Amino acid sequence: MVLAQQTDYVDFTFCKAFVKFDTVEKSVSGIVRHKFVMLKDVDSVFVDAQKMDITNPVELLDFENSETYKIAYRNDGSKIWLKYGFKAGKQYEVIINYKVIPGKALYFVGWDNEAPNQIWTQGQGKYTSNWLPSFDDMNEKVAFSLTIRFNNEYEVISNGKKVFETETVDGKADHVFMMEKPMSSYLVALAIGKYDKQVETSASGIPLEMYYYPEDSLKVEPTYRYTKQMFDFLEQEIGVPYPWQNYKQVPVHDFLYAGMENTSLTIFSDAFVTDSIGFNDKNYVNVNAHELAHQWFGDMVTETSGTHHWLQEGFATYYALLAERAVFGDKYYYWRLYEYAQELLDQDNRGAGTALLNPKSSSVTFYKKGAWLLHMLREKIGDFAFRQAVRNYLIAHQFQNVSSEDFIREVKNVSDVEVDGFFEKWLESPVFPYNEVMASLEQSKFIQEYLMADCEANNAKCDYYLEAPLSDQAKSKIISQVPERITSDVFMDGLKVRQAIAKHVSKIPDSLKTQYESLLKDDSYVTIEAALYNLWSNFPNDRIRYLDKTKGIIGFQDRNVRLLWLVLALSTPDYEQNNKQAYFDELIGYTAPDYGFEVRMGAFSYLQALNLFPEAALANLVNATNHYNWQFRSFARDLVGALSNDERYADILEKLKNS
Ligand SMILES: [Zn+2]
């Protein structure tokens, strides 16, 4: 028996929704109106809605007679079933009033602590139907128009174009957003918080809105660097105009992933907000390009099912690399491909290789093997045919759903090169064709040099390599292999080579002390953190000087330098005796929910290293075991487990868990 899917007998076309929030109760209430056309006669259709209270009788507008009826419905906790004699070819609209405290997919952040007050959503993998009655099936594409009521001191951002804002009543205004084209429900999004924005316009006239926290105005340029350039590049390269009315990017606090490509509204982790020093090591460029590429690959054409997930992640990863190549050059491009190949090789060596068409594959497979497939395909069929195939594929299926076959068909339409064997190997085999991809990479002189320069054997050639004008990557590799052989000349190299010294040269010869100290002034928080630790460890008599030199440096958003500095200051007995308590309190403070989870994880780890957990930190740790971010939650649970074995903490933890 084949169960019919709902999309076989009904087509939902337009959704008009009104939502408002209670930030104390952390609830959403709303009214959603779904318009739909029947393809067959049936007596019930459903809308996905998780654990919602229906607060008014469900109504149905029958367009045939323009009458509105209260209709029978059943709310089974995951779907609302509408009972009516629906007739093929007829159009209807259902009106549902609801209220819900979402278990996931919509998050209230900071309303109970000092973190920035925000509300934001994450639909993919979580289901938008947790806060908005909608469709879990990606094949149901609907044009959404959201009206959001909120306190007018906050910025309200959603999919599509903001067409209207009402007068403020009781401090609140209604923000009306409108979309022109349909999309899957998992791409519905909103972000509410205190933001300013900068707006640029793409070469094609699309407004690019870049949001930031008001206190971060100096970080806007480095955070969003190359945004317009990459946008213009991708429109050109893909050959299909950007499909939506505008493009917005919004950083949020304690986000679940790096970024999410909601249609016309990318939400990303504020850990990527950076100053120009942080930019050198950890910037938003790759995530920026990746989520932007998804606006075509994922949002405009959407996989029919998880089997074809590489059509989203493989394409987004590949096109992000192309956009970065346009900014950073060929070496960057080949280097990233090389890194991806090593990760895929590792995966295979662990016996964990997976096929691209396996819906349960790892992200490494979907993202990186998918990107490699496209790089190799382009080599095989040539630039012209490749771009033609991608363009035809996007245009033929725009605002619809796609499978791998749809893409392969377009490749065959434009190229006479035999590709059946190619796709079979790349899509169906769990093995990553490592030798083949390395043969392709070795066309790059830069990669050749990297592979050739090798000091595993630690011979006389290593001194030559350390002096030679090699690429940063090749020289860093040599430094990691023979850190004891470096000379003062190596310090003359650039930022990344000097960073390799800080990371790998942990025993500092007296003869290099002065050069090594100069690393503390580099424009890199990675270098400063590693150099500070190594200098402090190697030269106990100079600890106070090193601490004074680095006192005001915070580091990345996760405060990497400041946390280390506090720990070293506390571990240096004769340093600022009078401030010891204040430094310890500051470190404990970073474990609180007021800070991002990356800061908190760092602070907890250092307390563990210091073997010192006061009750306030233990309370914050127990609180973290219920955090919505699974990565942080499991970190906290593991640490509670470890500390419970320590008799100093066992009773306190037990008491805290029970309260
Ligand atoms: Zn992605």
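Figures for the structure shown
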{"read-out": "Cβ charges +1 (Lys, Arg) and -1 (Asp, Glu), total dipole of the chain, debye", "value": "420"}
{"read-out": "Convex hull volume per residue for the stretch 43-94, taking Cα atoms only, in Å³", "value": "69"}
{"read-out": "Relative contact order computed over the chain (Cα-Cα under 8 Å; 6+ residues apart), in percent", "value": "8"}
{"read-out": "Burial order of peptide ranges 191-199, 576-584 (average beta-carbon count within 10 Å, highest first)", "value": "191-199, 576-584"}
{"read-out": "Isotropic mean projected area of the C-alpha convex hull, the stretch 431-494 (nm²)", "value": "5.2"}
{"read-out": "Stokes-Einstein D (µm²/s) once Rh is taken as the Kirkwood radius of the stretch 156-259 over alpha-carbon pairs, at 20 °C in 1.002 mPa s", "value": "138"}
{"read-out": "Assigned charges on the beta-carbon of Lys, Arg, Asp, Glu; the stretch 1-191 dipole about Cα centre (debye)", "value": "280"}
{"read-out": "Fraction of the pair-distance distribution of the stretch 172-214 above 13 Å, Cα-Cα pairs, percent", "value": "73"}
{"read-out": "Amide H contacts of S27 (H built 1.01 Å from N, under 5 Å, at least 5 apart or other chain)", "value": "D22"}
{"read-out": "Range of Cα positions in the chain per principal axis (Å), largest first", "value": "91, 68, 47"}
{"read-out": "Positive dipole terminus of the chain, leading residue within S204, T591, V176 (C-beta point charges)", "value": "V176"}
{"read-out": "Taking all pairs of distinct alpha-carbon atoms in the stretch 306-451, Kirkwood radius in angstrom", "value": "15.6"}
{"read-out": "Ratio Rg/Rh [Cα only; Rh per Kirkwood] for the stretch 409-515", "value": "1.23"}
{"read-out": "Kirkwood Rh in Å, taken over the stretch 94-197 so that all alpha-carbon pairs contribute", "value": "14.7"}
{"read-out": "Ellipticity estimate at 222 nm from DSSP helix runs (n ≥ 4, -39,500 (n - 2.57)) divided over the chain, nearest 500", "value": "-11500 deg cm²/dmol"}
{"read-out": "Longest to shortest principal axis, alpha-carbon extents of the stretch 363-442, angstrom", "value": "36, 27, 19"}
{"read-out": "Solvent-accessible area per residue for the stretch 431-477 (1.4 angstrom probe, square angstrom)", "value": "53"}
{"read-out": "Computed over the stretch 190-293: relative contact order in percent, which uses C-alpha pairs under 8 Å that are six or more apart", "value": "27"}
{"read-out": "Calculated Rg and Dmax of the stretch 491-636 using C-alpha coordinates, Å", "value": "16.4, 51"}
{"read-out": "Convex hull per residue volume in Å³, alpha carbons only, for the stretch 219-349", "value": "126"}
{"read-out": "Phi to ³J(HN,Hα) by Karplus 6.51 cos²θ - 1.76 cosθ + 1.60 over the stretch 366-375, Hz, x for Gly, Pro", "value": "4, 7, 8, 5, x, 5, 5, 4, 5, 4"}
{"read-out": "Per-peptide average of other Cβ atoms within 10 Å, ordering 593-602, 216-225 highest first", "value": "593-602, 216-225"}
{"read-out": "Protein accessible area in the chain, 1.4 Å probe - carbon and sulfur %", "value": "48"}
{"read-out": "Electrostatic dipole magnitude of the stretch 301-447 [Cβ: Lys, Arg +1; Asp, Glu -1; Cα centre; debye, to 20]", "value": "300"}
{"read-out": "Solvent accessible area, Å² - T55, 1.4 Å probe, full protein context", "value": "80"}
{"read-out": "Options A569, S129, T487, ranked by Cα towards positive dipole end of the chain, top entry (Cβ charges)", "value": "S129"}
{"read-out": "Column: log10 I(q)/I(0), Debye, Cα scatterers of the stretch 1-191, q = 0.16, 0.17 Å⁻¹", "value": "-1.02, -1.14"}
{"read-out": "Estimated vicinal HN-Hα couplings, Hz - the stretch 566-574 in sequence order (Karplus 6.51, -1.76, 1.60; Gly, Pro = x)", "value": "4, 5, 5, 4, 5, 8, 10, x, 8"}
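The values are calculated or read from the model by the stated rules, or taken from the named source; none is laboratory data. A quick note: this is a predicted structure, and the numbers were derived from the prediction, not measured. Cβ coordinates were reconstructed from backbone atoms using ideal geometry, including for glycine residues, and neighbour counts include every protein chain displayed. Quick note on the areas: whole protein, heavy atoms, side chains included, nothing else; ligands and nucleic acids left out. Shrake-Rupley method; radii C 1.70, N 1.55, O 1.52, S 1.80 Å.
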